[in-house]
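Down below is the structure, laid out as structure tokens.
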Amino acid sequence: MTAKLIYVTAGSAAEAETIASQVVEERLAACANILGAATSIYWWEDKLTKDSETVFILKTTAELVDQAVAKILALHSYDCPAVVVLDIEKGNPEFLNWIDKNTL
């Protein structure tokens, strides 16, 4: 089993909670951490933009990444949401096994 982190930003804490809850409820991820408010500065439609967003991280397996990302994109309100998958190279073996046991 290869564990993965999925980093996501959402337009509000409520949206982050809705998306994270559904992904975890469907066992596409073992858990989510909603980190809270962040200030994002980025280019959008040729304009420098500054917004408040909510960051959340999901823990899942390599086998479920595509399904989890598809679910996030289906639920997300943004035209181009930030959804980034990161490898977990090492960690607490008990925790990594827990991720595996609590996903599909």
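Throughout, read-outs are computed from the coordinates displayed, never taken from laboratory work. Every value quoted in this text rests on a predicted model; they were computed, and no experiment measured them. Cβ sites come from the backbone with ideal geometry, for glycine too, and all protein chains shown count toward neighbours.
Structure notes:
- Annotated for the chain: lysine pairs at least 8 residues apart or interchain, Cα distance under 23 Å, count 9.
- When peptides 25-35, 50-60 are sorted by average Cβ neighbour count within 10 Å, with the highest value leading, the order is 50-60, 25-35.
- Selected from 98, 41, 64, residue furthest toward positive end of dipole (the chain; charges at beta carbon): 98
- Inter-site label distance for residue 52 and residue 25 at 7 Å from Cα along Cβ, in nm: 2.6
- Cβ-Cβ FRET estimate between residue 77 and residue 35, R0 fixed at 22 Å, reported to 0.05: 0.75
- Evaluated at q = 0.10, 0.14, 0.24 Å⁻¹, the base-10 log of the normalised Debye intensity for the chain, with identical point scatterers placed on the Cα atoms, takes the values -0.28, -0.53, -1.26.
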